[in-house]
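The values are calculated or read from the model by the stated rules, or taken from the named source; none is laboratory data. Since we're looking at a predicted model, the values are computed, not measured. Cβ coordinates were reconstructed from backbone atoms using ideal geometry, including for glycine residues, and neighbour counts include every protein chain displayed.
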């Protein structure tokens, strides 16, 4: 395939992989009552250490704030996350996983890891590293376009 054709196909290939990942992960998480979007939200919170603000989380996830608010409200209702006052700025709230949320994440992460390994079967670690680097650069370029 010539260079222009590969570039033309790129966004569609990314979209297909993303849709497939979401569909398969949603199927594997269905019995737990959680979707890929909820798992992703909790994943970022788990990696956030002492807690992220809603704005920081929305930026990391590359989603709009209203979409995130609905996800957070739902996770809070399930007792999986909590909003705590920020010590440095009383107007802000920091998001944290509850102990139930941490335990829940162990199961979610295990299922996601199993799917990831199945989907990446036959792909060299070096190639995965290159792909992640390419995606990171695309995000940097996209951030400059805002």
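The table that follows gives values for the structure above.
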quantity: Scope the stretch 12-34; condition under 13 Å from residue 107 (Cα atoms) and either part of a helix (DSSP H, G or I) or in contact with a helix residue (DSSP H, G or I) (Cβ under 8 Å, 6 or more places away or on another chain) (or both); matching residues; calculated: 25, 28, 29, 30, 31, 32, 34
quantity: Condition broken by residue 6, with the remaining ones in (1) loosely packed, with under 11 Cβ neighbours inside 10 Å; (2) farther than 19 Å from residue 118 by Cβ; (3) modelled with pLDDT of 90 or more satisfied; calculated: (3)
quantity: Some residue of the stretch 92-113 being modelled with pLDDT of 90 or more, outside any helix (DSSP H, G or I), within 23 Å of residue 21 (Cβ to Cβ) and more than 18 Å from the chain's Cα centre (by Cα); calculated: no
quantity: Qualifying position, being out of contact with any strand residue (DSSP E or B) (no Cβ under 8 Å at 6 or more places or on another chain), modelled with pLDDT of 90 or more and surrounded by 13 or more Cβ atoms within 10 Å (Cβ to Cβ), among 83, 28, 144; calculated: 28
quantity: Answer residue from the stretch 47-69, given it is closer than 18 Å to residue 98 by Cα and surrounded by fewer than 17 Cβ atoms within 10 Å (Cβ to Cβ) and is nearest to the chain's Cα centre (by Cα) among those; calculated: 47
quantity: Condition check for residue 42: modelled with pLDDT under 85 and either surrounded by fewer than 17 Cβ atoms within 10 Å (Cβ to Cβ) or assigned to a helix (DSSP H, G or I) (or both); calculated: no
